[in-house]
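J.: This is the structure I want to talk about, given as structure tokens.
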Amino acid sequence: MAKANLTISLEAIADNWRSLDRLTSIESETAAVVKADGYGLGAAMVAQALAKCGVRTFFVALAEEGSALRDSLGTGAEIFVLSGYLPGDGSLVAGFDLIPVINSVQQFSTFRADHPGQPFALQVDTGMNRLGMEQTEFRSIRGELSASMPVLVMSHLACADEPDNPLNDWQLREFADMTGGMRTRRSLSATGGMLLGSDYHFDLCRPGIGLYGGLPFTGARQVVQLSLPVIQVRDVNPGEIVGYGADWSAPSHTRVATLSAGYADGIWRYLGRDLALYAGDVPCKVVGRISMDLLTVDVSSLSTVPDSLQLLGQYQTIDELADNASTIGYEVLTSLGNRYEREYGIE
């Protein structure tokens, strides 16, 4: 089989949720963020596994994601839509029992007119300047909230992965000031905020990347393993080149394996500069350019070339791979291509 194999441990995701949930008090609920198709790992499978271990509240980015998630979860779960209430969302919100996270006064007015009496959430901007109502906007509707109370008020931390950043404390104080006295659930923290301590937890936390094995949650179990099949092995003589552009030539006799995966599968070209794959615990360096469907690896150190080499797993995490590309684990996960043979492990 020429397809690469992506193994996703649903039990590891569930364990990561349990570990994060233990950080909070019994009064604080731990939800789950499954936007971007469960960070690239399959929202339906991820959410079903989390629901089995007690998750009752989920967050997605788009109403379309919410409708698909409702089909997977059935009734009972709360599904919040972070983009709010946008033109064309009405039938999805009503038909699939979705809760929009209202981000502006205009969204607030439109939603109440279209869906009077239906549940909604509010997002306030505490300094990130991305989504949510600024303090003056929020104050302008506070008087109307007594008759139409949101089921949740939330904000988002800009620098939660930097514990010593003073903006964290600033946003915490802004959020407490803006929402103080409201008789509804409040939420400020995703994974990074949960790790900052109980002051940041409020009534509901909404971890995302920590569920999937990524930083800043250093205690996370690794969730994914990605193995790429070897489809050809050749001997390359000194001075001979490998790959497009003749970027690499063999300094000595080199055994080179060609693997079936490339940038169409989320393995970016610029990763090839320092990238290694693993045969057990033995690193094998990529040589030559990564192309659309193929990459080439120096396997000279191996006495026997295995059927596949591992890109992600025990010896290389998503964040280690991300560091090699000067990016973050989120981007690694959400870039994983749809050509992989996916296997969901339940231990």
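J.: For region 309-339: of the residues being under 22 Å from Thr258 (Cβ atoms) and assigned to a helix (DSSP H, G or I), which is most open to solvent (accessible area, probe 1.4 Å)?
T.: Asn324
J.: Here is a follow-up. Identify, from the list Pro238, Pro306, Pro251, the residue that is out of contact with any Phe, Trp or Tyr (no Cβ under 9 Å at 6 or more places or on another chain), open to solvent by 90 Å² or more (accessible area, probe 1.4 Å), more than 30 Å from Gln48 (Cα to Cα) and not in a strand (DSSP E or B).
T.: Pro251
J.: Let me ask something else about it. Is one or more of the residues making up region 238-251 farther than 25 Å from Asn129 by Cα, touching a Ser or Thr at 6+ places or on another chain (Cβ under 7 Å) and polar (S, T, N, Q)?
T.: Scanning region 238-251, I find no residue that is farther than 25 Å from Asn129 by Cα, touching a Ser or Thr at 6+ places or on another chain (Cβ under 7 Å) and polar (S, T, N, Q), so the answer is no.
J.: Kindly provide the set of residues from region 286-300 that are open to solvent by 50 Å² or more (accessible area, probe 1.4 Å), over 12 Å from Ala4 (Cα atoms) and touching a strand residue (DSSP E or B) at 6+ places or on another chain (Cβ under 6 Å), ordered by number.
T.: Answer for region 286-300, where residues must be open to solvent by 50 Å² or more (accessible area, probe 1.4 Å), over 12 Å from Ala4 (Cα atoms) and touching a strand residue (DSSP E or B) at 6+ places or on another chain (Cβ under 6 Å): just Ser300.
J.: Scan region 297-315 and give yes if some residue there is within 30 Å of Leu215 (Cβ to Cβ) and modelled with pLDDT under 95, otherwise no.
T.: yes
J.: Suppose we filter Leu167, Leu204 for residues that are touching a residue at least 12 places away in the same chain (Cβ under 8 Å) and under 23 Å from Thr136 (Cα atoms); which single one remains?
T.: Within the list Leu167, Leu204, the selection yields Leu167.
J.: So which of Ala176, Ala220 is modelled with pLDDT of 95 or more and in a loop (DSSP other than H, G, I, E, B)?
T.: That would be Ala220, the only listed residue that is modelled with pLDDT of 95 or more and in a loop (DSSP other than H, G, I, E, B).
J.: Also, quick follow-up: So, in region 268-289, exactly how many residues are under 16 Å from Pro229 (Cα atoms) and either in contact (Cβ under 8 Å) with a residue 40 or more places away in the chain or of a type outside the set (A, V, I, L, M) (or both)?
T.: So the count comes out to 7.
J.: To continue, here is another question. Return yes when Leu20 is open to solvent by 10 Å² or more (accessible area, probe 1.4 Å) and either of a type in the set (A, V, I, L, M, F, W, C) or at pLDDT 95 or above (or both) and no when it is not.
T.: Spelling it out, it is not the case that Leu20 is open to solvent by 10 Å² or more (accessible area, probe 1.4 Å) and either of a type in the set (A, V, I, L, M, F, W, C) or at pLDDT 95 or above (or both).
J.: Follow-up. With region 45-157 as the region, which helices (runs of 4 or more DSSP H) entirely inside it contain at least 2 residues that are hydroxyl-bearing (Ser, Thr, Tyr), open to solvent by 40 Å² or more (accessible area, probe 1.4 Å) and farther than 29 Å from Ile209 by Cα?
T.: 105-114, 135-142
J.: Looking at Gly272, is it assigned to a loop (DSSP other than H, G, I, E, B), over 26 Å from Tyr344 (Cα atoms) and either under 25 Å from the mean Cα position of the chain (by Cα) or not charged (D, E, K, R) (or both)?
T.: Against the criterion (assigned to a loop (DSSP other than H, G, I, E, B), over 26 Å from Tyr344 (Cα atoms) and either under 25 Å from the mean Cα position of the chain (by Cα) or not charged (D, E, K, R) (or both)), Gly272 does not qualify.
The rows are residues; the columns are (1) touching a Pro at 6+ places or on another chain (Cβ under 6 Å); (2) buried (at least 16 other Cβ atoms within 10 Å of the Cβ); (3) at pLDDT 95 or above; (4) closer than 17 Å to Ser19 by Cβ.
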| residue | (1), (2), (3), (4) |
| --- | --- |
| Gly181 | no, no, no, no |
| Cys205 | no, yes, yes, yes |
| Leu211 | no, yes, yes, yes |
| Tyr244 | no, no, yes, no |
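The values are calculated or read from the model by the stated rules, or taken from the named source; none is laboratory data. Here the structure is a predicted model, which is why all the values come from computation and not from measurement. With ideal geometry, Cβ positions are generated from the backbone for all residues, glycine too; neighbour counts draw on all protein chains shown. Accessible surface areas use protein heavy atoms only, side chains included; no ligands, DNA or RNA. Shrake-Rupley method; radii C 1.70, N 1.55, O 1.52, S 1.80 Å.
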